[in-house]
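Would you mind keeping the following structure in view while I ask a few things?
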Amino acid sequence: MGVAYSVGEVDHLYTFFVQWSPDIYTKGAEKQGFFVVENDRLAVIDNPLHKKSIPKTLEVCVTAAEAGIKQIITAKDQKRRQSRCNSEDEEPEDLLPELRDPSQILQEQHLERLVAHLPARTQGYPWRLAYSTAVHGTSLRTLYRNMASIDRPVLLVIKDMENQVFGAFSSHPFRVSRGCYGTGETFLYSFSPEFKRFSWTGENSYFVKGFMDSLQLGGGGGSFGLWLGADLCRGSSYTCHTFHNQPLSAHHDFAVRELEVWTFE
């Protein structure tokens, strides 16, 4: 039996599908089981008891395309939806995250690449600045203090004195710990000079370890993927077994110009 939805309801549903399955719902309507109706009026299908026609402003959605059942959309809505998404190699502008606080580092090109590589459970949430050296000063203790009430993933963003941008996504907020913590969602990344993501290799689980005088991400082979000192003014990055990463900065040792930690809420 067909089900009728308003255009607003369908738009919300479509946006949800795009956010959670962009590889499926940004490849064009025809590939996903849509066909365009040019008529000014639509009739409910698969429902012999429904005698009335439906205005052009309504759509008939008969479950998701994966179920193998067709969806009907108007030609006007089809054009509007196509304009919302770019090619497969580009990110839709309306999927960029909302920053609840100003950033001293992140620009649109950073957001476009980062949001495309974040886990699905972070998608669609505004970004909140949990810590910033520009706002809170340069102290690892303060960073830990600001993380104390957070139970969500965090994104570490660093700009060094050579204006290179890099950092890490952590499945857990940073804290002092006796052992390593985190999950395989954790990764390192760098825009130095082009965006690269370094995912978990599975060789070990040295994701994150917090000390009062340092923060370490990744390890193995006698080096850390990313290391920061107590004053958050200096750090280093070497290849490690956890992520098989390249050095994130142009040099192994770097000086921090700006540092921010973002969370998703």
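The values are calculated or read from the model by the stated rules, or taken from the named source; none is laboratory data. These numbers were taken from a predicted model, which means no experiment stands behind them. FYI the Cβ positions are ideal-geometry reconstructions off the backbone, even for glycines, and counts take in every protein chain you see.
Just give me the residues in region 192-218 being crowded, with 21+ Cβ neighbours inside 10 Å and on the phi > 0 side of the Ramachandran plot, in sequence order.
218
Among the residues of region 117-170, count how many are under 17 Å from the mean Cα position of the chain (by Cα), closer than 13 Å to residue 261 by Cα and either assigned to a loop (DSSP other than H, G, I, E, B) or of a type in the set (S, T, N, Q) (or both).
Count: 3.
Against the definition (farther than 14 Å from residue 259 by Cα and modelled with pLDDT of 95 or more), how does residue 194 come out, yes or no?
In short, no.
Which numbered condition trips up residue 142, out of (1) at pLDDT 95 or above; (2) within 24 Å of residue 110 (Cα to Cα)?
(2)
Return the pair list, or none, for Cβ contacts closer than 6 Å from residues in region 237-255 that are within 20 Å of residue 206 (Cα to Cα) to residues that are among the hydrophobic types (A, V, I, L, M, F, W, C) and outside any loop (DSSP other than H, G, I, E, B), at least 6 apart or on different chains.
Pairs found: 237/226; 243/188; 243/198; 245/188; 245/198; 248/166.
Which of the residues belonging to region 232-260 are over 22 Å from the mean Cα position of the chain (by Cα) and over 20 Å from residue 163 (Cβ atoms)?
Result: 238, 239, 240, 241.
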